[in-house]
Amino acid sequence: MADTASAIQQFQQQIDFFRAKLNLPTERWDDIKQSAHDRAFIVAGAQKASLLADLRQAVDKAVIGGSIQQFRNDFAEAVKTSGWSGWTGQGSESGEAWRTRVIYQTNMATSYAAGRYRQLTDPELLKARPYWRYVHSDGVMHPRPEHLAWNGLTLPNDHPFWETNFPPNGWGCQCSVVAVRLPREGDATEPPKGWDAMDPKTGAPAGVDKGWNYAPGANADTPLRQMVQDKLIDYPPAIGKALTRDVNRTISADERVPDFARAVLADRQRTDPLWLGFVEDPEAIGETLRGADVRGYMALMPAESVRHVEISHEYDGGSQRPPTPEDFARALAVLNTPDPGGLRLGSDRGKNGELRVIASKTIDGEGFRTVWEARPGKRNRAMALVSLAVKIAKRK
């Protein structure tokens with residue numbers, strides 16, 4: 001198959017989409033599922049932060065117009081610098097050519113499609129051209145029968161077909177979508193019968209490869225927290241400490257913790273938790289929790305913890321002050337970077353016997369004391385915030 005992605009002309013929406021992604025380490029290509037690729041940059045098997053950053057830079061050059069040969073040169077340099085070995089394709093010229101082509105083409109095709117999705121969903125364009133037409137590429141040497149059958153299919157932009165069949169629909173797929181005012185004479189205006197029946201082997205409709213049944217770019221604004229909680233990212237044990245910090249910095253920029261706290265206090269019926277990030281020092285916290293394994297644990301702020309903080313403490317103007325919504329934004333830092341000696345086992349337990357840890361940290365002269373509950377399980381393992389108290393600085 002030709003390296004067709006090099007013929008695609010890059011545009012700003014494509015570049016913006018790619019650059020908004022967060023580097024995530026993975027062991028397997030399907031650790032990241034479907035629409036989570038809108039938020040995560042991965043190279044299967046690449047787990048070192050420095051390696052992933054170098055590969056990200058190589059792909060970024062491609063997205064802004066670099067050739068596949070330049071990408072291959074940068075890929076080889078990144079592999080050499082990091083000492084990465086055992087990756088799929090390594091050891092033969094044809095294998096390495098195949099692997100680099102897959103990485104290059106996949107990122108080029110999905111970023112292009114996501115950029116086009118952003119263009120196609122522009123409100124003014126939707127008003128003028130409310131239909132989308134599926135276009136099969138004539139340049140494919142071995143076309144998929146289903147993709148050929150969809151060629152010319154013209155449907156309203158909000159038809160469910162586009163949620164799972166917006167191209168690319170698999171490895172090497174070069175199909176595309178164009179916006180039109182109305183179907184042409186002879187265009188199919190209904191998908192083939194049974195188009196939405198899921199293939200049990202792939203979990204996707206027939207003609208769509210495993211993991212490709214989503215519209216690239218449609219979830220680019222979805223919070224990373226939601227994708228983790230929806231189990232679209234199989235995070236443990238792939239998230240290393242360095243990458244955990246990267247994730248946490250991104251979450252801090254994306255999620256307004258004070259806004260969440262204010263919303264909870266305004267709506268007493270709210271029960272959803274806010275994902276603050278990941279536990280960055282599982283060894284220290286695990287040791288405090290009597291040897292518990294908290295690798296890959298999330299840090300959560302349950303809605304009830306915010307309400308608990310508001311009503312459970314009395315403040316008399318003495319050594320403590322009432323925590324503000326802004327104080328909750330510091331809770332993750334208290335857990336992940338407590339003061340020396342600032343971690344200890346809590347004296348009480350959760351309602352189901354869960355162990356708790358107390359983490360303390362001095363910030364701007366004030367003492368922040370947090371209580372976290374370990375919530376184990378096969379999925380969505382977390383340290384959940386129970387309480388927060390702030391001790392004011394002593395007056396000199």
### Query
Ranked highest first by the average count of other Cβ atoms within 10 Å around their residues, in what order do 137-148, 361-372, 51-62, 36-47 fall?
36-47, 51-62, 361-372, 137-148
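Please give the peptides 179-188, 21-30, 198-207, 344-353 ranked by average Cβ packing (other Cβ atoms within 10 Å per residue), highest first, as a rough proxy for protection. Walk me through the numbers before you get to the answer.
On the way: 179-188: 12.4, 21-30: 18.0, 198-207: 14.6, 344-353: 10.5.
Most protected by this proxy first, the peptides run 21-30, 198-207, 179-188, 344-353.
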### Query
Where both partners of a DSSP beta bridge lie in region 255-391, what percent of those bridges are antiparallel, to the nearest 5?
90 percent
### Message
Quick check: the angle from helix 241-254's long axis to the longest principal axis of the chain, C-alpha only, nearest 10 degrees?
### Response
90 degrees
### Query
At what distance in nm do the modelled label points of Glu326 and Asp281 sit from each other, each positioned 7 Å from its Cα along Cα→Cβ?
2.6 nm
### Summary
Taking a ≥ b ≥ c as the square roots of the Cα gyration tensor eigenvalues, with a/c under 1.5 meaning rounded and otherwise prolate when a/b beats b/c or oblate if not, region 255-391 comes out oblate
### Task
Could you state the angle between the C-alpha long axis of helix 257-266 and the longest principal axis of the C-alpha atoms of the chain, as a value from 0 to 90 degrees rounded to the nearest 10?
70 degrees
### Query
How much length, in nm to one decimal, is gained on full extension between His159 and Ala393, taken as 0.36 nm per residue of separation minus their Cα-Cα distance?
78.3 nm
### Task
Please give, to one decimal in nm, the separation of the simple spin-label points placed at Thr222 and Glu185, each 7 Å out from Cα toward the Cβ.
4.2 nm
### Query
Residue separation times 0.36 nm, minus the C-alpha to C-alpha distance between Thr337 and Glu124: what's the value?
71.9 nm
#### Entry: Alpha carbon centroid spacing (whole Å) that separates region 273-299 from region 331-380
9 Å
### Task
First obtain the Kirkwood hydrodynamic radius of region 106-193 from its Cα pairs, then insert it into the Stokes-Einstein equation at 20 °C and 1.002 mPa s, and state the resulting D in µm² per second as a whole number.
161 µm²/s
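Which of rounded, prolate or oblate describes region 4-205 when judged by the alpha-carbon gyration tensor and an a/c cut-off of 1.5?
prolate
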### Query
In a solvent-free Debye calculation with one equal scatterer on each Cα, what is log10 I(q)/I(0) for the chain at q = 0.09, 0.13 Å⁻¹, listed in the order of the q values?
-0.65, -1.09
### Task
Enter the angle in degrees (range 0 to 90, nearest 10) between the Cα long axis of helix 303-312 and the first principal axis of the Cα atoms of the chain, meaning the one along which they spread out most.
20 degrees
### Message
Only Cα pairs within less than 10 Å get springs; with that Gaussian network setup on the chain, which residue of Thr337, Thr154, Thr271 has the largest fluctuation?
### Response
Thr271
### Task
Mind checking which lysines have their Cα closer than 30 Å to the Cα of Lys351? Skip sequence neighbours fewer than 8 apart in that chain.
Lys231, Lys361, Lys378, Lys391
### Query
What's the local net charge at Arg129, with K and R +1, D and E -1, over the other residues with C-beta under 11 Å away?
+1
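Quick note: the coordinates plus some simple rules give every number you see, no bench work behind them. In this text, all values refer to a predicted model and were calculated from it rather than measured experimentally. Because the Cβ atoms are built from the backbone with ideal geometry, glycine has one as well, and the counts that use them run over all protein chains shown.
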